[in-house]
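Structure first, then comments.
The values are calculated or read from the model by the stated rules, or taken from the named source; none is laboratory data. Everything numeric in this text was worked out from a predicted model, so none of it was measured. Here the Cβ is made from the backbone with ideal geometry for all residues, glycine too, and neighbour counts use every protein chain on show.
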């Protein structure tokens, strides 16, 4: 049997929740489709003087709750199907988090590590120009995602502002979030996804009598989400025993210092070569004995092949869509508790919303305020998912979808369908 595409996986998850909650069939039709799909092909002059064509995408899934919102990723695996799926997940995530956004996602099919800094800047600016009015501070607000960062957001911001009349520019700084603090960004945004994940894990641990002090865990992906989650778990006493990224996997049963590992990755760009842990293969990494696992890399990593290998009690999804349909089924059969992506990694979009608000209000919140608001928002979402899981006697992913779909359904029923 052929494997489901990423967007087909989204629809299977959606259908399961929609069936269980008996979602209105007319609203179900709307939510199972994207609203807009933008594909742009644009030229960029490379450092050697040659012109190279790039393909970029922006998919806007739904905006009934507010402006489209979602990250931009620069990766050679970016295609329309993946971006569709990521945009739909953003719709569920923002609805679940209780923030007034819809869902979107975008990206460029590119290997950013092969570009010089000047080439990366030109690609980013040309992509922004190609998108034109398809993004906007009250319409569609991009943010960082895989292989994008505050610097890239600053280039997008500057390019967008140059396309506006001078007297309008200061009113459009919130066209993008995840900016450098000096350019209108929010403190706490860089660590927000990892911080939110830790807040969710702490809430789950409290409910289940799970002691984080001395608990062992493994992480797949040691970029922004994975490294911040590990660094924030360190003072809670959790012990990192295994890490995997694109360069390989490392294990040390005695523990890996997350700060030391983060410094190595910052310097080398990969975990490979880190001397304080033993290299292992992919299957051995997945079979590492630990209390919990944080997948924080690409989609569809926990599958029919890898899920049977897992020797953990809990999976906290830092990545978007790290588990496919077979992986979900197998983990349920194994009794592994899953804290799903639309809940566990929602910290990033929540703090993006805080940045957007600060820009609109010409305010600046300190880190304590940002973290306190994040904690309140994401733990509130956690409690909603926990309660729905009990009400429907279902898994937490389906429960998270039901919370989101209920809000969307109620909004459509109040507003009606035009015309």
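From the list 11, 72, the one residue that fits, being surrounded by 15 or more Cβ atoms within 10 Å (Cβ to Cβ) and not assigned by TED's automatic domain parsing to the domain that holds residue 103, is 11. Among the residues making up region 309-329, a single one is assigned to a helix (DSSP H, G or I) and more than 20 Å from residue 401 (Cβ to Cβ): 309. On the given criteria, is residue 81 out of contact with any strand residue (DSSP E or B) (no Cβ under 7 Å at 6 or more places or on another chain) and either surrounded by fewer than 18 Cβ atoms within 10 Å (Cβ to Cβ) or modelled with pLDDT of 95 or more (or both)? It is true that residue 81 is out of contact with any strand residue (DSSP E or B) (no Cβ under 7 Å at 6 or more places or on another chain) and either surrounded by fewer than 18 Cβ atoms within 10 Å (Cβ to Cβ) or modelled with pLDDT of 95 or more (or both). Among the residues of region 322-354, which ones are under 13 Å from residue 174 (Cβ atoms) and in contact with a strand residue (DSSP E or B) (Cβ under 9 Å, 6 or more places away or on another chain)? Selection gives 352, 353. Of everything listed in (1) in a helix (DSSP H, G or I); (2) within 16 Å of the chain's Cα centre (by Cα); (3) over 20 Å from residue 199 (Cα atoms), the single unmet condition for residue 300 is (1).
Exactly one residue out of 283, 305 is within 28 Å of residue 332 (Cα to Cα) and in a loop (DSSP other than H, G, I, E, B): that is 305. Taken residue by residue, region 176-183 has no member that is assigned to a helix (DSSP H, G or I), crowded, with 24+ Cβ neighbours inside 10 Å and free of Cβ contacts under 8 Å to residues at least 60 places away in the same chain. Among the residues of region 152-160, is there at least one that is modelled with pLDDT of 95 or more and either closer than 21 Å to residue 94 by Cα or part of a loop (DSSP other than H, G, I, E, B) (or both)? Taking every residue of region 152-160 in turn, at least one turns out to be modelled with pLDDT of 95 or more and either closer than 21 Å to residue 94 by Cα or part of a loop (DSSP other than H, G, I, E, B) (or both).
Could you say which residue among 332, 357, 343, 374 is under 20 Å from residue 3 (Cβ atoms) and part of a helix (DSSP H, G or I)?
Every option except 332 fails the conditions.
Condition check ((1) under 17 Å from residue 77 (Cα atoms); (2) out of contact with any helix residue (DSSP H, G or I) (no Cβ under 8 Å at 6 or more places or on another chain)) across all residues:
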residue: 6; (1), (2): yes, no
residue: 19; (1), (2): no, yes
residue: 23; (1), (2): no, no
residue: 27; (1), (2): no, no
residue: 30; (1), (2): no, no
residue: 33; (1), (2): no, yes
residue: 55; (1), (2): yes, yes
residue: 58; (1), (2): yes, no
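For region 252-276, residues that are out of contact with any helix residue (DSSP H, G or I) (no Cβ under 6 Å at 6 or more places or on another chain), over 21 Å from residue 194 (Cα atoms) and outside any helix (DSSP H, G or I) total 7.
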